[in-house]
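Accompanying notes for the structure given below.
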Amino acid sequence: MNLPPFKLEQYFNEYEFKAEYLLANSDCETVSIAELLLFEPDAKERFLAFRLGYTEVPGAESLRREICRIYSTLEAGHVLVHAGAEEAIFLFMHSLLKAGDHVVVQRPCYQSLHEIPRGIGCDVSSWQAREERGWSLNLSELERLLRPETRAIVVNFPHNPTGYLMVKSDFLELNRLAQERGIVLFSDEVYRECEYAAQDRLSAACDINDTAVSLGVLSKTYGLPGLRIGWAATRNSRLLERMAELKAYTTICSSGPSEFLAEVALRHREKLAQRNINFIRKNLTLLDDFFVRHSGRFSWIRPMAGPIAFPKLTGEAIGSFCRRLFEKSGVLLVPGTVFDDIDNHFRIGFGRKNLPAALVRLEEFLASNR
């Protein structure tokens with residue numbers, strides 16, 4: 001398997017821990033271990049007594065039961081815990097696909113969603129989101145892309161990097177179409193429960209489609225990327241069993257302390273999510289005003305859900321703009337080129353509480369570089 005360099009991760013590796021302000025982040029405000037343990041009176045004592053042995057390959061059953069509370073139809077046996085979302089993506093692709101298969105992937109997207117199937121030897125078609133349509137997807141275009149050898153459709157809602165959220169009727173139709181054609185839908189739902197209004201939330205694909213796989217993680221909505229706990233949820237038992245078999249060649253099992261803390265977090269996930277949604281709502285208001293003030297330099301399609309958006313810069317190549325911003329102001333944005341975008345977009349993250357200060361620094365940079 002021959003995979004190209006991961007552009008986004010390379011970019012972060014070079015700049016993330018040198019930047020004073022991250023306006024590129026895809027996650028939300030984090031919490032400390034101490035803050036997390038305060039959710040339960042005896043959690044600190046239990047955590048300090050936790051034995052550092054191996055954990056179960058699928059994840060502790062108690063943890064998987066807590067994950068199931070996110071869904072409406074699942075039991076613990078329908079969940080496989082992974083080291084973040086990336087391992088789950090990797091194992092799903094290798095469990096389902098083989099060289100010569102056809103895969104349709106929503107674009108732009110997180111690079112592994114299209115590069116791993118390509119590395120396996122699949123023919124990968126792009127289901128392109130279009131800015132002029134508010135980053136929406138056209139189901140008729142998807143139908144034209146499908147072939148007899150199509151094995152998977154890969155989507156992500158709420159979407160990274162645009163913040164697009166498919167309407168419920170289209171999502172139901174997407175699942176119906178996949179089931180009717182015998183195609184596995186891989187639904188990246190790492191930003192689920194980060195909708196600005198709960199009534200906009202889509203059903204989890206695994207709850208409405210018995211062959212679909214829903215991808216979840218603690219990193220984004222709940223602001224716990226350091227735990228490195230993600231999962232695949234599906235009623236597709238044969239596929240989940242194959243993923244568990246392959247996991248013996250990757251992490252084997254998760255970190256025990258991470259599983260303990262993840263379980264505490266999930267029992268209080270609504271509090272964690274609401275805390276971050278509050279930051280997002282306040283920060284979105286600031287961004288709305290910012291992009292009005294600078295409408296001559298940027299175009300802004302307001303995201304529909306999640307902590308990220310994909311604005312467009314005019315007047316300068318986005319790569320050079322991001323470099324100069326970092327060097328002169330210590331503020332980090334992600335150029336759209338890491339998502340193979342050629343139209344001068346950039347990803348901005350607004351799920352953290354220091355966005356107001358970062359935005360001031362960005363505005364000062366713009367004023368000094370007219």
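The values are calculated or read from the model by the stated rules, or taken from the named source; none is laboratory data. Only a predicted model underlies this, so the values are computations on that prediction, with no experimental measurement involved. Note: ideal-geometry Cβ built from the backbone for every residue, glycine included; neighbour counts use all protein chains shown.
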Flagged pairs (Cβ under 9 angstrom, 6 or more apart or on separate chains; first in the stretch 352-370, closer than 20 Å to PRO307 by Cα; second surrounded by 12 or more Cβ atoms within 10 Å (Cβ to Cβ) and acidic (Asp, Glu)) are ARG352/ASP27; ARG352/GLU29; LYS353/GLU29; ASN354/GLU29; ALA358/GLU20; ARG361/GLU20
Contact list, first residue from the stretch 262-276 and over 17 Å from GLY230 (Cβ atoms) and in the same structural domain as ARG65 (by TED's automatic domain parsing), second anywhere and in a helix (DSSP H, G or I) and among the aromatic types (Phe, Trp, Tyr), beta-carbon distance below 8 Å, six or more apart or interchain, is none
Scanning the stretch 251-273 residue by residue, the ones that are touching a Ser or Thr at 6+ places or on another chain (Cβ under 8 Å) and among the polar types (S, T, N, Q) total 2
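Residues to consider are PRO307, PRO335, PRO303; find the one that is over 18 Å from TYR196 (Cα atoms), in the same structural domain as CYS28 (by TED's automatic domain parsing) and either crowded, with 19+ Cβ neighbours inside 10 Å or out of contact with any helix residue (DSSP H, G or I) (no Cβ under 9 Å at 6 or more places or on another chain) (or both).
PRO335
Taking the stretch 219-260, which residues are of a type in the set (Phe, Trp, Tyr) and closer than 28 Å to ILE208 by Cα?
TYR222, TRP231 - these are the residues of the stretch 219-260 that are of a type in the set (Phe, Trp, Tyr) and closer than 28 Å to ILE208 by Cα.
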Exercise. Does ASP188 satisfy the condition of being of a type in the set (D, E, K, R) and either within 30 Å of LYS353 (Cβ to Cβ) or under 14 Å from the mean Cα position of the chain (by Cα) (or both)?
Worked result: yes
Residue within the stretch 257-279 that is closer than 25 Å to LYS18 by Cα, among the hydrophobic types (A, V, I, L, M, F, W, C) and either touching a Lys or Arg at 6+ places or on another chain (Cβ under 9 Å) or surrounded by fewer than 16 Cβ atoms within 10 Å (Cβ to Cβ) (or both) present | yes
Q. Is it fair to say LEU146 is touching an Asp or Glu at 6+ places or on another chain (Cβ under 7 Å) and either closer than 21 Å to HIS114 by Cα or crowded, with 17+ Cβ neighbours inside 10 Å (or both)?
A. no
query: If you go through the stretch 36-59 one residue at a time, do you hit one that is without any contact (Cβ under 8 Å) to a residue 12 or more places away in the chain, assigned to a loop (DSSP other than H, G, I, E, B), among the hydrophobic types (A, V, I, L, M, F, W, C) and closer than 30 Å to GLU195 by Cβ?
result: yes
Expected single match for touching a helix residue (DSSP H, G or I) at 6+ places or on another chain (Cβ under 9 Å) and closer than 16 Å to SER237 by Cβ among HIS94, HIS78 is HIS78
- Answer yes if at least one residue in the stretch 83-91 is at pLDDT 95 or above, closer than 17 Å to PHE157 by Cβ, in contact with a strand residue (DSSP E or B) (Cβ under 7 Å, 6 or more places away or on another chain) and small (Gly, Ala, Ser), and no otherwise. yes
**Asked** Given the structure, is SER295 assigned by TED's automatic domain parsing to the domain that holds LYS18, of a type in the set (S, T, N, Q) and part of a loop (DSSP other than H, G, I, E, B)?
**Response** yes
Apart from one, (1) of a type outside the set (Asp, Glu); (2) more than 25 Å from the chain's Cα centre (by Cα); (3) modelled with pLDDT of 95 or more all hold for HIS345; the odd one out is (2)
